[in-house]
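Read through the structure below, which is laid out as structure tokens, and then see the notes.
The values are calculated or read from the model by the stated rules, or taken from the named source; none is laboratory data. Fair warning: this is a prediction, and the values are worked out from it, not measured in the lab. Here Cβ is always computed from backbone atoms with ideal geometry, including for glycine, and neighbour counts include all displayed protein chains. Please note that ligands, DNA and RNA were not included when accessible areas were found on the heavy atoms of the full protein model with its side chains. Shrake-Rupley method; radii C 1.70, N 1.55, O 1.52, S 1.80 Å.
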Protein chains: 2
Amino acid sequence: MSGISLEELQLATRNHGMPLEALRYDVTPVGLHYLLIHYDIPAVDPDAWTLTIGGRVASPLRLTLDGLRARPAVELTATMECAGNGRARLDPRPVSQPWLNEAVGTARWRGVALADLLAEASPLDDAVEIVFTGLDRGVEKELEQEFQRSLALADAADAVLAYEMNGAPLAPQHGFPLRLVVPGWYGMTNVKWLRAIELVDRPFDGFQQAAAYRFRVDEDDEGTPLTRMAPRALMLPPGIPEFFTRARTLRHGEVELTGRAWSGHAPIAGVEVSADGGLAWSEADLGDDAGRWAWRSWRHTWHPRAPGEYVLCARARDEAGNVQPVDAAWNVGGYSNNSVQRIPVTVTE
Amino acid sequence: MSGISLEELQLATRNHGMPLEALRYDVTPVGLHYLLIHYDIPAVDPDAWTLTIGGRVASPLRLTLDGLRARPAVELTATMECAGNGRARLDPRPVSQPWLNEAVGTARWRGVALADLLAEASPLDDAVEIVFTGLDRGVEKELEQEFQRSLALADAADAVLAYEMNGAPLAPQHGFPLRLVVPGWYGMTNVKWLRAIELVDRPFDGFQQAAAYRFRVDEDDEGTPLTRMAPRALMLPPGIPEFFTRARTLRHGEVELTGRAWSGHAPIAGVEVSADGGLAWSEADLGDDAGRWAWRSWRHTWHPRAPGEYVLCARARDEAGNVQPVDAAWNVGGYSNNSVQRIPVTVTE
């Protein structure tokens with residue numbers, strides 16, 4: 001790997017992944033869930049804050065936080081992953097937030113179903129997309145902007161406007177007072193610090209939609225938009241780490257390997273484990289289904305034949321037939337790199 | 001800056017600093033407080049967990065979490081900073097967790113005064129130090145170890161064994177169910193996931209005391225131990241950021257510059273601000289004193305004379321006469337680099 005630049009380091013010291021030992025939790029504790037913030041975390045006065053719903057609707061709405069909390073609530077447990085997870089493993093490395101494979105987390109969200117509010121606003125017949133605008137403001141490619149993303153009306157059925165995470169009001173860094181949660185989609189879809197929802201009669205061409213978050217094979221490629229999370233399995237690294245190298249050591253004997261797997265496209269169909277870097281694979285046991293949008297736990301008992309060096313891997317496949325690749329394809333933005341995780345371990349006497 | 005290595009990046013993606021816009025909070029919300037975890041976050045069953053107090057004491061103790069919660073409680077608000085904060089700004093860069101200047105946070109801790117428990121255990125006359133052992137286990141310099149640090153009895157007067165942070169039980173990553181808090185001292189002192197306290201009759205020579213966390217001018221230097229936090233002021237970066245470079249832009253006009261300052265040695269005596277990279281300095285206004293161990297807020301109104309490029313700086317001094325240097329001295333471990341923060345900004349028309 002060529003050296004990480006100061007710019008990448010600045011992003012890595014403020015954003016953070018989920019330490020992989022946190023794979024042990026069904027729901028990721030606040031502060032361990034991954035976090036990617038494009039600009040700055042805005043300061044929001046919840047008493048002055050409102051959400052507007054407008055554009056191509058018959059009945060525009062302006063809602064307060066109390067007004068949203070007074071409506072029927074929905075809850076869902078959802079795994080969320082950054083579209084750039086795995087980026088720093090690509091060669092050459094696309095420069096942006098340099099994730100290895102830890103940009104993930106699972107949260108219990110509570111809020112209002114987006115569909116209910118849209119029904120009340122009555123989209124006009126020509127409405128095709130919904131544009132979500134956050135209060136976070138910054139510059140990208142010389143363009144001053146608020147963070148904005150859109151979603152086709154047909155993709156909004158499961159979306160929630162969440163005011164709680166894991167039973168508490170949203171933390172500032174997770175979008176207080178309100179954020180969008182679109183289960184199964186990559187993180188950038190889930191606009192934080194929401195201030196406006198606008199229905200539009202043509203595809204939105206804002207920066208985060210038309211320029212960023214596209215899968216492009218080369219600089220001339222117009223690309224295709226990133227949408228749902230590709231399947232991925234992660235393993236809780238067994239044994240104990242060396243502080244600096246994170247190299248793992250464990251005693252010879254039976255080892256219970258555990259982890260989680262998810263896919264935004266379809267339920268997880270299976271997870272396989274390898275102890276030789278991906279040559280031979282064994283089927284892992286899946287845990288209980290924790291809901292369509294939550295990661296699936298898995299476990300596999302490994303009997304290392306002798307002390308020595310091993311490379312542990314896990315790979316997921318989903319019911320739509322998507323299989324996690326040993327090496328995913330390179331792309332310009334470094335998105336959706338779900339190449340199989342590799343954990344070198346030393347088994348001692 | 002030479003490129004950050006894979007090993008440093010692995011640390012940077014799991015540990016994280018406080019995004020500097022969080023300087024706006026008196027108490028740092030959970031998830032924004034900086035975090036440095038040497039090994040893995042241990043899984044602790046609070047019902048099975050106990051704390052032992054032993055060694056050179058007349059009355060050894062074994063305490064449960066309920067037992068600790070039933071005792072008289074103390075609260076304190078304390079600013080905590082990693083001893084390695086600023087490391088990645090040194091040249092050549094000592095390799096370890098590559099902090100720029102964000103490894104800080106302020107929390108409201110609640111727990112039991114260490115002095116009360118020590119009084120109950122009755123240290124013997126020959127006890128000179130207290131050794132704190134955490135449940136976190138790993139390898140450093142080929143040595144398998146639990147994280148352990150010691151404190152001289154004379155330095156323990158203000159220490160708290162905390163079971164709450166910001167009004168809630170400790171999060172796993174902050175030491176659940178119990179951690180040591182020694183206000184004014186660098187972060188490594190504040191042992192997390194405490195399982196044992198042992199009084200000893202000679203100075204402790206464990207790895208984290210004798211090998212790590214020492215200020216050494218070269219490899220042959222035995223060094224001196226890191227103890228209390230050197231003074232530092234940080235400024236909330238004004239304006240809006242560019243996503244990748246974090247370069248700041250703000251509109252021409254009056255600008256309210258704000259930030260925080262702290263020192264583990266003595267109360268903050270003053271903060272100065274510069275808009276020209278440290279040539280000319282103006283005295284900032286200090287906010288209310290929030291307690292001896294909490295950072296002090298400060299503010300200064302800046303009138304940029306014209307649109308253009310500026311470099312904003314702030315520096316702190318304390319009542320013991322310690323002044324934050326523009327350029328701190330290099331050292332082997334990259335500790336205690338409190339060189340003045342520099343924020344380049346572009347003021348537009």
Where A:Leu23 falls short, out of the listed (1) within 8 Å of chain B (Cβ to nearest Cβ); (2) open to solvent by less than 20 Å² (accessible area, probe 1.4 Å): (1)
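Do we find a residue being charged (D, E, K, R), within 19 Å of the chain's Cα centre (by Cα), closer than 25 Å to A:Ala22 by Cβ and in the same structural domain as B:Gly17 (by TED's automatic domain parsing) anywhere in region B:88-97?
Initially, region B:88-97 is screened for residues charged (D, E, K, R), giving B:89, B:91, B:93.
Okay, now just the ones that are also within 19 Å of the chain's Cα centre (by Cα), so B:89.
Then drop every residue that is not closer than 25 Å to A:Ala22 by Cβ, which leaves none.
No: zero hits.
Yes/no per residue for (1) facing chain B (nearest Cβ under 10 Å); (2) of a type in the set (Phe, Trp, Tyr); (3) open to solvent by 50 Å² or more (accessible area, probe 1.4 Å); (4) in a strand (DSSP E or B):
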site	(1), (2), (3), (4)
A:Met1	yes, no, yes, no
A:Met18	yes, no, no, no
A:Pro46	no, no, no, no
A:Trp49	no, yes, no, no
A:Arg93	no, no, no, no
Give me the pairs, please: first residue somewhere in region B:71-97 and over 15 Å from B:Arg216 (Cβ atoms), second residue anywhere and surrounded by fewer than 16 Cβ atoms within 10 Å (Cβ to Cβ) and among the hydroxyl-bearing types (Ser, Thr, Tyr), beta-carbon distance under 7 Å, and either six or more positions apart or on two chains. B:Arg93/B:Ser2
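Could you tell me whether any residue of region B:148-162 is of a type in the set (Lys, Arg), in contact (Cβ under 8 Å) with a residue 40 or more places away in the chain and surrounded by fewer than 19 Cβ atoms within 10 Å (Cβ to Cβ)? Before the answer, list the steps.
Taking region B:148-162 as the starting set, the residues that turn out to be of a type in the set (Lys, Arg) are B:149.
Now narrow it down to the ones that are in contact (Cβ under 8 Å) with a residue 40 or more places away in the chain: B:149.
Restricting the remaining residues to those that are surrounded by fewer than 19 Cβ atoms within 10 Å (Cβ to Cβ) gives none.
No.
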Filter region A:240-271 down to the residues that are more than 30 Å from A:Asn190 (Cα to Cα) and either modelled with pLDDT under 95 or charged (D, E, K, R) (or both) and list them by number. A:Glu242, A:Arg246, A:Arg248, A:Arg251, A:Glu254, A:Glu256
Going by the conditions given, is A:Ala316 assigned by TED's automatic domain parsing to the domain that holds A:Ala159 and touching a Lys or Arg at 6+ places or on another chain (Cβ under 7 Å)? no
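Being open to solvent by less than 60 Å² (accessible area, probe 1.4 Å) and over 17 Å from A:Ile343 (Cα atoms) is the filter here, so list the residues in region A:287-319 that pass it.
Result: A:Gly287, A:Gly291, A:Trp293, A:Ala294, A:Trp295, A:Arg296, A:Ser297, A:Ala306, A:Asp318.
In this structure, does A:Glu81 turn out to be more than 7 Å from chain B (Cβ to nearest Cβ) and open to solvent by less than 10 Å² (accessible area, probe 1.4 Å)?
So A:Glu81 fits the description; yes.
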Would you check which residues across region B:195-226 are surrounded by fewer than 22 Cβ atoms within 10 Å (Cβ to Cβ) and assigned to a strand (DSSP E or B) and list them? B:Arg195, B:Ala196, B:Glu198, B:Val200, B:Arg214, B:Phe215, B:Thr224, B:Pro225
With the checklist (1) within 14 Å of another protein chain (Cβ to nearest Cβ); (2) out of contact with any Phe, Trp or Tyr (no Cβ under 9 Å at 6 or more places or on another chain); (3) not charged (D, E, K, R) in hand, flag the one item A:Tyr39 doesn't pass. (2)
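Run down A:Arg56, A:Arg71, A:Arg62, A:Arg14 and say which single residue is within 11 Å of chain B (Cβ to nearest Cβ) and over 16 Å from the mean Cα position of the chain (by Cα).
Working: A:Arg56 fails: within 11 Å of chain B (Cβ to nearest Cβ); A:Arg71 fails: within 11 Å of chain B (Cβ to nearest Cβ); A:Arg62 fails: within 11 Å of chain B (Cβ to nearest Cβ).
Within the list A:Arg56, A:Arg71, A:Arg62, A:Arg14, the selection yields A:Arg14.
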Conditions first: (1) at pLDDT 95 or above; (2) over 16 Å from A:Cys82 (Cα atoms). A:Ala12 passes all but one, so which condition is the exception? (2)
For the condition open to solvent by less than 20 Å² (accessible area, probe 1.4 Å) and touching a residue at least 12 places away in the same chain (Cβ under 8 Å), what is the one hit in B:Asn322, B:Asn331? B:Asn331
Of the conditions (1) touching a Ser or Thr at 6+ places or on another chain (Cβ under 7 Å); (2) in the same structural domain as A:Tyr25 (by TED's automatic domain parsing); (3) of a type outside the set (Phe, Trp, Tyr), A:Leu170 fails just one. Which one is it? (1)
Being assigned to a strand (DSSP E or B) and either more than 22 Å from the chain's Cα centre (by Cα) or at negative phi (or both): is that true of B:Arg315 here? yes
If you scan region A:95-113, which residues turn out to be in a strand (DSSP E or B) and in contact with a Ser or Thr (Cβ under 8 Å, 6 or more places away or on another chain)? A:Val104, A:Gly105, A:Thr106, A:Ala107, A:Arg108, A:Trp109
Of the conditions (1) open to solvent by 20 Å² or more (accessible area, probe 1.4 Å); (2) not in a strand (DSSP E or B), A:Pro344 clears all except one; give me its number. (2)
Looking only at region A:151-194, which residues are of a type outside the set (A, V, I, L, M) and in a loop (DSSP other than H, G, I, E, B)? A:Asp158, A:Asn166, A:Gly167, A:Gly175, A:Phe176, A:Pro177, A:Pro183, A:Gly184, A:Tyr186, A:Asn190, A:Lys192, A:Trp193
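Could you please find all residues in region B:241-252 being without any contact (Cβ under 8 Å) to a residue 12 or more places away in the chain, more than 29 Å from B:Tyr335 (Cβ to Cβ) and open to solvent by less than 30 Å² (accessible area, probe 1.4 Å)?
From region B:241-252, those without any contact (Cβ under 8 Å) to a residue 12 or more places away in the chain are B:241-246; that's our starting set.
Going one step further and asking which of them are more than 29 Å from B:Tyr335 (Cβ to Cβ), we end up with B:242-244.
Answer for region B:241-252, where residues must be without any contact (Cβ under 8 Å) to a residue 12 or more places away in the chain, more than 29 Å from B:Tyr335 (Cβ to Cβ) and open to solvent by less than 30 Å² (accessible area, probe 1.4 Å): just B:Phe243.
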Looking at region A:256-266 only, could you name the residues that are assigned to a loop (DSSP other than H, G, I, E, B) and buried (at least 20 other Cβ atoms within 10 Å of the Cβ)? A:Ser263, A:Gly264
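How about region A:287-303: which of its residues are among the charged types (D, E, K, R), over 14 Å from A:Gly264 (Cα atoms) and not in a strand (DSSP E or B)?
Those that are among the charged types (D, E, K, R), over 14 Å from A:Gly264 (Cα atoms) and not in a strand (DSSP E or B): A:Asp288, A:Asp289.
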Just the residues that are in a strand (DSSP E or B) and not hydrophobic (A, V, I, L, M, F, W, C), please, taken from region B:227-255. B:Arg228, B:Arg232, B:Pro241, B:Glu242, B:Arg248, B:Thr249, B:Arg251
Do you know which of the residues in region A:101-138 that are within 11 Å of chain B (Cβ to nearest Cβ) and open to solvent by 20 Å² or more (accessible area, probe 1.4 Å) is nearest to A:Pro72 (Cα to Cα)? A:Arg137
Please work out which residue is surrounded by the fewest Cβ atoms within 10 Å (Cβ to Cβ), limiting yourself to region A:26-36 and to residues that are more than 7 Å from every other protein chain (Cβ to nearest Cβ) and of a type in the set (A, V, I, L, M, F, W, C). A:Val27
